[in-house]
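The values are calculated or read from the model by the stated rules, or taken from the named source; none is laboratory data. Please read all numbers here as calculations on a predicted model, not as lab measurements. All Cβ positions, glycine included, derive from the backbone under ideal geometry; neighbour counts span all protein chains shown. Protein only, heavy atoms only, side chains kept; ligands, DNA and RNA dropped before computing areas. Shrake-Rupley method; radii C 1.70, N 1.55, O 1.52, S 1.80 Å.
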Amino acid sequence: MNIQQAFKSIGTLSKNTGIDVYVVGGFVRDQLLERDFKKDLDVVVLGSGLEFAKQFAAQFSAENGRLIEFSDFDTARYVFLETTNSIAENGEQEKQYRTLLEVEFAGARKEAYRSDSRKPTVVPATLEEDLSRRDFTVNAMALGDGLVDPFGGQNDIKNKIIRAVGNPSQRFKEDALRLIRAVRISGELEFEIEPITFEAIKNNAGLLLEIADERVRDEMFKILSSVNPYYGIAKLRDSGLLPKILPELEQCFGISQEGPKHDRVYDIGKHSLLTLKETPSADPLVRLGALLHDIGKTKTVKIAEDGNVTFYNHDLEGGKMVLLIARRFNLSKKQTDKLYRLVRWHLFTVDENQTDAAVRRFIKNVGLENIEDIMALRIGDRLGGGTQKAVSWRMEKFKERIKKVLKKPFSISDLKVDGNDVMKILNIKPGPKVGEILKKLFAEVLDDAVKNDREYLLKRVNDYHTPGV
């Protein structure tokens, strides 16, 4: 089941039941723009969204999908699934499911206020009233037998404009996340934000502090995943939203890096934006690392008597700062580890004459899985600092050194002895002592690969067990 097939099924059911149903939002917008739409469908029902969803789901077997009901909101979501059979570890056959498409059905609604309450309630509404609650005109169109466009969305698409529906301040007060969404959509579509809407974003920027950090993070990652993340982040700053989202980055602007011993062209903030722009990676986490790689400079900047500007240990300080940002954004442990490594070790030394041990330490610090990403960040750092050439000849030779070193023992699992050997020789049970000795053996091999010899390492097991060794 794809979006077009689902759209046709909804239309057929609408005709058979006599219930007016409309697809709204991004699908309609992207149809008019002739863009591929790979997201989910939002459907407005002039009647009960839940009851229509049940009738829609009845057309399909349990193998096709699942209906998820939200009866309190007269809403339901039908999830189309792809089912495959696989063999579990116990040898038995099990089913696995992959989501193909989600269709959300909701009855047309509007907000109403009781005379004795400031809290709105949701009540049934006309299609136009439902569309009037939506964020931007380009998303406030509906498609049924024809196009319904009460707020000029089609004309705004023609003029490449993002405009709030009705009163922009009211729309942003209803959901402050729309402040970032306006920037994100304008970047994705390469549209300009209409002046009155943009002014309302600036005036209401403080509302963003009321939004859960996870929701802000999700919009940020969408911006960083877009074709032009540089535009999106720059627009966040122009609108006054960036200080609310990443105050650590905002503080980088205005801090000069120039001095008699350095020819740095841009201040830290501008350099950070350009590094993001020039980093050749589509991974939003790598792009975030590029954006934040120099935030530690705000806490380490020093100006000597001769006017020279230094930022000693800004990589260390930056690493600490991104851990706090990762916690604020509620990033996963894996995401946090990667972001930290990219920022903490972005100042790695590029020298083709480094010893094998030095190269191994670099790989260990950065993480084998992050090497290509930190190389991409280095390219962005160079180009974002005004250097004309993306990769130096030293970098190319350094990459070759890494490839050669990776062919040699690199992790504890590559040692010619293992934990069983340690326990047998020392007659001890599994425990921290085993790991400690393996780490000491690995440290020796890291410095000298020749020592990865079984007889030598077995002898060293006893040596390390001796007190004082």
Order of exposure, largest accessible area first, which applies to ARG382, ARG98 with probe 1.4 Å: ARG98, ARG382
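Can you give the translational diffusion coefficient of region 261-359 in µm²/s, computed by Stokes-Einstein from the Kirkwood radius over Cα pairs at 20 °C and 1.002 mPa s?
Once the numbers are plugged in, D ends up at 145 µm²/s.
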Rounded tilt (10° steps) of 268-278 against the dominant C-alpha axis of the chain: 80
Helix 454-465 axis, angle to the chain major axis (alpha carbon atoms, nearest 10°): 90
Per residue accessible area in Å² of the chain, where ligands, DNA and RNA are left out and the probe is 1.4 Å: 52
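Fully extended, how many nm does the chain gain between ASP306 and SER61 (0.36 nm per residue separation, minus their Cα-Cα distance)? Please list the in-between numbers first.
Working: separation 245, 0.36 × 245 = 88.20 nm, distance 7.73 nm.
Stretched out fully, the ASP306 to SER61 stretch lengthens by 80.5 nm.
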Solvent-accessible surface ranking, highest first, for GLU372, GLU352 at 1.4 angstrom: GLU372, GLU352
Relative contact order (percent, whole number), region 1-69, Cα cutoff 8 Å, 6+ residue spacing: 28
Part-to-part distance (alpha-carbon centres) for region 288-347 and region 172-226, which is given in Å: 25
q = 0.23, 0.25, 0.27 Å⁻¹: log10 I(q)/I(0) that the Debye formula gives for region 208-259, counting C-alpha atoms only: -0.93, -1.04, -1.14
Computed accessible area, TYR231, all protein chains, 1.4 angstrom probe, square angstrom: 60
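Cα-Cα over 31 Å: which of LYS277/LYS397; LYS333/LYS440; LYS302/LYS403? Spell out each step's value before the answer.
Numbers: LYS277/LYS397 25 Å; LYS333/LYS440 27 Å; LYS302/LYS403 38 Å.
As for pairs spanning more than 31 Å Cα to Cα, those are LYS302/LYS403.
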In degrees, nearest ten, helix 314-328 long axis to first principal axis of the chain (Cα): 40
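Could you please state how large a percent of the accessible area of region 193-322 is carbon and sulfur, counting protein chains only and using a 1.4 Å probe? Before the final figure, lay out the partial values.
Working: 2850 of 5720 Å².
Heavy-atom surface of region 193-322 belonging to carbon and sulfur, 1.4 Å probe: 50 percent.
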Cα-based reach from LYS95 at 16 Å (exclusive), listing aspartates and glutamates while leaving out same-chain residues under 8 positions away: GLU63, GLU82
Estimated FRET transfer efficiency (ILE255, GLN154; beta-carbon r; R0 51 Å; 0.05): 0.65
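Largest first, what is the accessible-area ranking of ARG171, ARG327, ARG361, ARG460 with a 1.4 Å probe?
Details: ARG171 25, ARG327 180, ARG361 110, ARG460 50 Å².
Accessible-area ranking of ARG171, ARG327, ARG361, ARG460, largest first: ARG327, ARG361, ARG460, ARG171.
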ILE374 accessible area, assembled protein chains, probe 1.4 Å, Å²: 0
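Counting helices only, and only those DSSP H runs with n ≥ 4, report the 222 nm mean residue ellipticity of the chain as the sum of -39,500 (n - 2.57) divided by its residues, in deg cm²/dmol to the nearest 500.
The per-residue figure over the chain is -14000 deg cm²/dmol.
Leaving out ligands, DNA and RNA, what percent of the accessible area of region 347-415 is carbon and sulfur, probe 1.4 Å?
Values: 1870 of 3650 Å².
With neighbouring chains kept in place, the figure for region 347-415 is 51 percent.
Efficiency by 1/(1 + (r/R0)^6): what FRET value for LYS451 and LEU100, r their Cβ-Cβ distance, R0 = 60 Å, to the nearest 0.05? Don't jump to the answer; show the numbers that get you there.
On the way: r = 54 Å, r/R0 = 0.90.
About 0.65, to the nearest 0.05.
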